[in-house]
Amino acid sequence: MNEASILLVDDEVSLLDIMETVLRKEGYANIDTVQTGEEAVSACESKKYDLIVLDVMLPGRSGIEICPFIRQTTDAPILFLTARTSDFDKLTGFAIGGDDYITKPFNPLEVVARIRAQLRRYFASANQQATGKSVEIVPNKSANVYDYGRFKLDETAGELLVEGQSVACPALVFQLLVFLCKHPNQIFSKSELYEKVWGDEALSDDNTVMVHIHRVRERIEADPSDPKFIVNVRGLGYKLVKVDRQELSMP
């Protein structure tokens, strides 16, 4: 994992120097740094990165503005850095493709811990989809295919079909749906989902789970605002339910 290619994007040279120094001390050698949004987009078009740390407040185009363009070229984890702390700012970052959100000022070692956690999940997910191997034993399933009528999830092939059509699914969205499909009708709190899917209970973030639940709903629900599959059990968490085919066909 220390061979990971990392891009740091921030207009504060001193902050870039600190992060790069700490990362190199932790064994990460393949690090690039840029100071503007335009440079970040260009770098991602010319090189494959395994993780991107992206400042929100950049000269010219902001990190929020360039994130969708970066997402066109890579599904690597994106960690936003910003002095903004409101829930709206966090949800905006997650909604446009961010995977984590770190507020300034921060402890560089916390950033390293979050980078390590994101890379571990990213490489594990990529390896699982490449080899078709699952980390869990799934009882009573045929070839790890989960058929819910409106949608079908093929874990081995890494494919989501909705009404027979293939739907693109980022790695963490796919892994969240896989986990829920493996445990139908079971309620999981946000912290439990974060621990099971993201793998780090200590770094649990309710907003991250909420946004990824919404991303799953956008793909599998006929009306994400009135979900039939992934339902919220007030005060307890979320569960994936089997929906009667006749109910799905009702107007």
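The values are calculated or read from the model by the stated rules, or taken from the named source; none is laboratory data. Bear in mind that the values here come from a model prediction, so they are computed numbers and not experimental data. Counting neighbours? That spans all protein chains shown, and the Cβs are built from the backbone with ideal geometry, glycine included. Note: areas computed on protein heavy atoms with side chains; ligands, DNA, RNA excluded. Shrake-Rupley method; radii C 1.70, N 1.55, O 1.52, S 1.80 Å.
Taking every protein chain into account, the 1.4 Å probe leaves Ile31 with about 20 Å² of accessible area, to the nearest ten.
With both labels modelled 7 Å from their Cα along Cα-to-Cβ, the Glu3 to Ser62 distance reads 3.9 nm.
Taking every protein chain into account, the 1.4 Å probe leaves Ser14 with about 80 Å² of accessible area, to the nearest ten. Amide H contacts under 5 Å for Phe151: Glu163, restricted to partners 5 or more places along the chain or on a different chain, H placed in the peptide plane at 1.01 Å from N. 3J(HN,Hα) along the range 147-154: 10, 10, x, 5, 10, 9, 10, 10 Hz, from the Karplus curve 6.51 cos²θ - 1.76 cosθ + 1.60 with θ = phi - 60°, whole Hz, x for Gly and Pro. Put a dot 7 Å past the Cα of Asn30, heading toward its Cβ, do the same for Glu110, and the two dots end up 2.9 nm apart.
Which FRET efficiency value, to the nearest 0.05, do you get for Ala83 and Asp147 by plugging their Cβ-Cβ distance into 1/(1 + (r/R0)^6) with R0 = 45 Å?
0.45
Scanning residues 5 or more positions from Tyr101 or on other chains, those with amide H under 5 Å from its amide H are Phe80, with H placed 1.01 Å from N in the peptide plane.
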